Amino acid sequence: MEYNPFSPEVQENPYPYYTYLRQHAPVYQIPGLGFWAVSRYDDVLAVLRNPQVFSSTNWISPVLGDLSPFPPNAPPLIELDPPGHTLQRKIINRAFTPRRVALLETHIREVVHTLMERTACATRRKRPEV
């Protein structure tokens, strides 16, 4: 089984892939992408606790290439190792306290409702006549 986290099949239902990786390829190099998937809990902890050996720096932007939404002088959180990651996460976490998220709930529901209505309208327009 080939695993590519960006493939539509994997994104639609990743769980069989995760099971396969854990059982047969717990450390798996993603073909053509230049990075690795680590799928067992203890291995993941070992990787996360050792950024000197297993760096997160500069892995997703090259994969995304021109499609990367991240400015080069401001790498995404997922591409930062400690202490930069720790500092950024501390700042970002302040914006996502339960209280602040609760304050956004009404607005988020309105946005979702609007998007669902637009999708339903677009779907009705595309439906063939019977």
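The values are calculated or read from the model by the stated rules, or taken from the named source; none is laboratory data. Nothing here was measured: the structure is a model prediction, and the numbers come from that model. Glycine gets a Cβ as well: all are built from the backbone with ideal geometry, and neighbour counts include every protein chain shown.
Quick one: would you say Leu77 is modelled with pLDDT under 90 and of a type in the set (A, V, I, L, M)?
Here the answer is yes, as Leu77 does meet what is asked.
Would you confirm whether any residue within the stretch 33-48 is more than 18 Å from the chain's Cα centre (by Cα) and modelled with pLDDT under 90?
Scanning the stretch 33-48, I find no residue that is more than 18 Å from the chain's Cα centre (by Cα) and modelled with pLDDT under 90, so the answer is no.
Can Val47 be described as assigned to a helix (DSSP H, G or I) and closer than 17 Å to Trp59 by Cα?
So Val47 fits the description; yes.
Yes/no per residue for (1) surrounded by 11 or more Cβ atoms within 10 Å (Cβ to Cβ); (2) within 24 Å of Val47 (Cβ to Cβ); (3) without any contact (Cβ under 8 Å) to a residue 60 or more places away in the chain:
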{"position": "Pro83", "(1), (2), (3)": "no, yes, yes"}
{"position": "Leu87", "(1), (2), (3)": "yes, yes, yes"}
{"position": "Asn93", "(1), (2), (3)": "no, yes, yes"}
{"position": "Pro98", "(1), (2), (3)": "no, no, yes"}
{"position": "Val101", "(1), (2), (3)": "yes, no, yes"}
{"position": "Arg109", "(1), (2), (3)": "no, no, yes"}
{"position": "Thr114", "(1), (2), (3)": "no, no, yes"}
{"position": "Thr119", "(1), (2), (3)": "no, no, yes"}
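Would you be able to say whether some residue in the stretch 49-65 is over 18 Å from the mean Cα position of the chain (by Cα), under 27 Å from Met1 (Cα atoms) and in contact (Cβ under 8 Å) with a residue 12 or more places away in the chain?
no
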